[in-house]
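J.: Mind having a look at this structure? Questions to follow.
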Amino acid sequence: MQSQISSNFQISPHPFNKEDWASSYCNVEKELTKIELKVIKGKVPQSLKGTFYRNGPGRLERNNQWVHHPFDGDGMISAMEFKKGIVSFTNKFVRTKEWEKEEKAGKFLYRGVFGTQKAGGVLNNAFDTRLKNIANTNVVKLGGELLALWEASSPHSLDPENLRTIGISTLKNTLKKGEAFSAHPRFDPGHNGKEPKMVTFGVTTGPKSTIRLMEFATTGKNAGNLISERKDNFNGFAFLHDFAITPNWAIFLQNSIQFNPLPFLLGQKGAAQCISSNPKGKAKYWIIPRDSGSFSKQKPQIFDAPDGFVFHHLNAWEDNNEIILESIFYDDFPSIKPNENFREIDFSTIPEGILKRCRLNLSNKTFEIQSLSNQCCEFAMVNPIKIGLSARYAWMATAQQPKGNAPLQCIKKLDLVSGKEVIWSAGPRGFVSEPLMVPDKSSSIEDNGWILVLIWNGARKANDLIVLKANDLSEEAVLEVPLAIPHGLHGSWADAN
Ligand code: CO
């Protein structure tokens, strides 16, 4: 492992070992409770006080049948509690109704959105359109609830201390049973004297799509209460995984895609495999005024967006009549073919994620686009206090090599003004997941704090928890997790009470 400051990339790229990368795909075999993690290098900062939560697929095989894609794996939550320089680790599967049934049956009983089929071939899968809520995409604290999120259906509420599943949450009667609820809430820190909030959305889609934009209180006695909501209709099928916020706006990028449900209905493909890019269509920005902003009762603004495909945004902010939106663009929708083995994917055939900045002009409804770095990246974030404002720095997971797609092995700090990069590598045998920036509360300097990241250690066939200094990505601590957890999705930080 090494960190290096460079204005252009200088760690010599090496071919990654695909077996090391793929060896992370296994079932999580144990559920641990408050195990103290062994520090094998450095010291855990005493001032880190809170819990690092992560979610991701933890069950990938039943009865010798493997999921078709890891995104179909059941959600397994890890909680790493930082207290007085000690980290204790707890992990538990989310006890969804479907998980309980499959545990009992010892086999898959549901089709997965990403192509996992029940045993028994096409005939046994045709016309079975039940969705399995796999609760595997993100985990966030809202009020007293810890929520395991999966965008197509209801959140599951967990006990934040021991991760016990309490059940499906309606968020104090805000959500109907099974209502779509994004796995990508944005936490507005509260600018210009306003209250902090959790802003999120749900999408219902078809020939027309409806976005329900919701804002929840996050502090005080109202924490967890819905403060405001609005619903807006748009033309066309929507696939919206993420969005971005500024003090006045919620910004969505509607990729130009098409959805042909027939192979799904006929039992040949998972629902997500029926999505493909639509070369005849045009991507659109859907920009919705927030209720707490200056344009609250106005209609959404809609205009053309750049070609390409976006899952995740970094951040957005306002500059007079412009919104600046930074997003990770792929040249095409990375489709998942029915006969592909996910462990054997050829990274060189998949488009890479490139961080780009778009200036959206709200007066004349045009955009300008520029790349911020040409290196493949994913899972980018700014200091949480800068969400919705212009940020100087971003932290993200990147490939080791400077160009093209490859597994994520490095953490990069990018200076969004000068372009200067600092890189920490888990290579050659380590693979990173989403980095989380936790600010140092005693400092007002934007890059003072820590980066927490759970890595897959291909040599040990288990995970390590890495604590880096956010400003120079030097290693503060390396801790061993006595468990093997597949490459995960998203997570969050909750300060100690
Ligand atoms: Co995501």
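J.: Using the Karplus equation 6.51 cos²θ - 1.76 cosθ + 1.60 (θ = phi - 60°), what ³J(HN,Hα) coupling, rounded to whole Hz, does each residue of region 105-118 give in order, writing x for Gly and Pro?
T.: 6, x, 7, 6, 10, 10, 7, x, 4, 9, x, 5, 10, 5
J.: Using the Karplus curve 6.51 cos²θ - 1.76 cosθ + 1.60 with θ = phi - 60°, work out ³J(HN,Hα) for each residue of region 15-23 in order, rounded to whole Hz, and write x for Gly and Pro.
T.: Calculated HN-Hα couplings, in order: x, 7, 9, 5, 5, 4, 5, 6, 5 Hz.
J.: Could you compute the FRET efficiency for Q268 and N17, with r as their C-beta to C-beta distance and R0 at 35 Å, rounded to 0.05?
T.: Numbers: r = 34 Å, r/R0 = 0.97.
Given R0 = 35 Å and the Cβ-Cβ separation, E is 0.55.
J.: So if I take the alpha carbon set of region 301-423, get Rg, then get Rh from the Kirkwood formula, what is the Rg over Rh ratio?
T.: Numbers: Rg = 15.5 Å, Rh = 15.5 Å.
Rg divided by Rh gives 1.00.
J.: Please list log₁₀ I(q)/I(0) at q = 0.10, 0.14, 0.16, 0.22 Å⁻¹ for region 370-497, using the Debye equation with identical point scatterers on the alpha-carbon positions.
T.: Debye curve over Cα of region 370-497, log10 I(q)/I(0) at q = 0.10, 0.14, 0.16, 0.22 Å⁻¹: -0.30, -0.59, -0.77, -1.39.
J.: Given the rule -39500 (n - 2.57) for each run of at least 4 DSSP H residues, summed and divided by the residues of the chain, what is its mean residue ellipticity at 222 nm, to the nearest 500 deg cm²/dmol?
T.: On the way: 4 runs with 23 residues, N = 497.
Rounded to the nearest 500, it is -1000 deg cm²/dmol.
J.: Kirkwood hydrodynamic radius of region 396-447 from all distinct Cα pairs, in Å? Walk me through the numbers before you get to the answer.
T.: On the way: mean 1/r = 0.0810 Å⁻¹.
Answer for region 396-447: a Kirkwood hydrodynamic radius of 12.4 Å.
J.: Could you pull out every residue, at least 5 positions away or on a different chain, whose amide H is within less than 5 Å of the one on N278? Hs are placed 1.01 Å off N in the peptide plane, and Pro or chain starts have none.
T.: HN-HN under 5 Å from N278: I257, Q258.
J.: Which chymotrypsin sites (Phe, Trp or Tyr not before Pro) from region 223-256 combine a DSSP loop assignment with at most 14 other Cβ atoms within 10 Å? Let's see the in-between values first.
T.: On the way: sites: F234, F237, F239, F243, W249, F252; in loops: F237, F239, F243.
Passing sites in region 223-256 do not exist.
J.: Here is a further query. Given region 174-237, what whole percent of its Cα pairs are spread farther than 16 Å?
T.: Values: 1040 of 2016 pairs.
Taking all Cα-Cα pairs of region 174-237, the fraction more than 16 Å apart is 52 percent.
J.: List the residues, sorted by chain then number, that are 5 or more residues from Q117 or on another chain and whose placed amide H is less than 5 Å from its amide H.
T.: For Q117, the qualifying residues are H68, G112.
J.: Starting from the amide H of F201, placed 1.01 Å from N in the peptide plane, find each other amide H under 5 Å away whose residue is 5 or more places distant or on another chain.
T.: So F201 has HN proximity to S182, M214.
J.: Dividing the Cα convex hull volume of the chain by residue count, how many Å³ per residue is that?
T.: Details: hull volume 68.7 nm³, N = 497.
With only Cα atoms used, the chain gives 138 Å³ per residue.
J.: May I ask you to list the trypsin sites (Lys or Arg not before Pro) in region 237-335 that are in a DSSP loop and have at most 10 other Cβ atoms within 10 Å of their Cβ?
T.: Details: sites: K269, K280, K282, K284, R290, K297; in loops: K269, K280, K282, R290, K297.
Sites meeting the loop and neighbour criteria: K280, K297.
J.: Leaving out ligands, DNA and RNA, and with a 1.4 Å probe, what % of the accessible surface on region 281-346 is carbon or sulfur?
T.: Details: 1280 of 2940 Å².
The computed percentage sits at 43.
J.: With contacts defined as alpha carbon pairs under 8 Å and 6 or more residues apart, what's the relative contact order of region 259-416 in percent? Intermediate values should be presented prior to the final figure.
T.: Details: 309 pairs, mean separation 27.0, N = 158.
Answer for region 259-416 is 17 percent.
J.: List, in order, the whole-Hz ³J(HN,Hα) value for each residue of region 308-321 obtained from phi through the Karplus relation with A = 6.51, B = -1.76, C = 1.60 and θ = phi - 60°; use x for Gly and Pro.
T.: So the Karplus estimates, Gly and Pro as x, are x, 10, 10, 8, 10, 10, 8, 6, 9, 8, 10, 9, 6, 8 Hz.
J.: How big is region 104-168 by the Kirkwood estimate over distinct Cα pairs, in Å? Display every interim value, and only then the final one.
T.: On the way: mean 1/r = 0.0738 Å⁻¹.
The answer is 13.6 Å.
J.: How many angstrom lie between the C-alpha centres of region 154-230 and region 233-267?
T.: Cα centres, region 154-230 to region 233-267: 19 Å.
J.: If each of S442 and S390 carries a label point 7 Å out from its Cα toward its Cβ, how far apart are those two points in nm?
T.: Going by the 7 Å Cα→Cβ label model, 3.1 nm.
J.: Which aspartates and glutamates does K299 reach when only Cα atoms under 13 Å apart count, and residues fewer than 8 places away in its own chain are ignored?
T.: Output for K299: D232, D291.
J.: Can you give me the distance in nm between label points at A459 and F127, each placed 7 Å from the Cα along the Cα-to-Cβ direction?
T.: The answer from the label model is 5.7 nm.
J.: Using Cα pairs under 8 angstrom and six or more residues apart, how large is the relative contact order of region 340-497, in percent?
T.: Working: 346 pairs, mean separation 23.5, N = 158.
Rounded, it is 15 percent for region 340-497.
J.: Can you tell me the accessible area per residue over the chain, all protein chains present, probe 1.4 angstrom, in square angstrom? Numbers along the way, then the final one.
T.: Values: 20560 Å² over 497 residues.
With all protein chains present, the chain gives 41 Å² per residue.
J.: Something else about it: Stretch K104-Q298 to full length: gain in nm at 0.36 nm per residue minus the Cα-Cα span? Present the calculation step by step, with values, prior to reporting the outcome.
T.: Details: separation 194, 0.36 × 194 = 69.84 nm, distance 5.13 nm.
Contour length minus Cα-Cα distance gives 64.7 nm.
J.: To the nearest Å, what is the center-to-center distance of region 12-70 and region 73-114, using C-alpha atoms only?
T.: The two parts, judged by their Cα centres, are 12 Å apart.
J.: Hey, any idea what Rg/Rh is for region 95-236, computing Rh the Kirkwood way over Cα pairs? Numbers along the way, then the final one.
T.: On the way: Rg = 17.2 Å, Rh = 16.7 Å.
A ratio of 1.03.
J.: Relative contact order of the chain: what whole-number percent is it, with Cα pairs under 8 angstrom and at least 6 residues apart?
T.: On the way: 1365 pairs, mean separation 84.8, N = 497.
Once normalised by length, the contact order is 17 percent.
J.: I need the GluC sites (Glu not before Pro) found in region 301-400, filtered to DSSP loop residues with at most 16 other beta carbons within 10 Å of theirs.
T.: Working: sites: E318, E322, E326, E340, E344, E352, E368, E378; in loops: E340, E352.
Within region 301-400, the qualifying GluC sites (Glu not before Pro) (loop, at most 16 other Cβ atoms within 10 Å) are E340.
The values are calculated or read from the model by the stated rules, or taken from the named source; none is laboratory data. Keep in mind the model is a prediction, meaning the values are calculated, not measured. Glycine gets a Cβ as well: all are built from the backbone with ideal geometry, and neighbour counts include every protein chain shown. The area values use the complete protein model at the heavy-atom level, side chains included, leaving out ligands, DNA and RNA. Shrake-Rupley method; radii C 1.70, N 1.55, O 1.52, S 1.80 Å.
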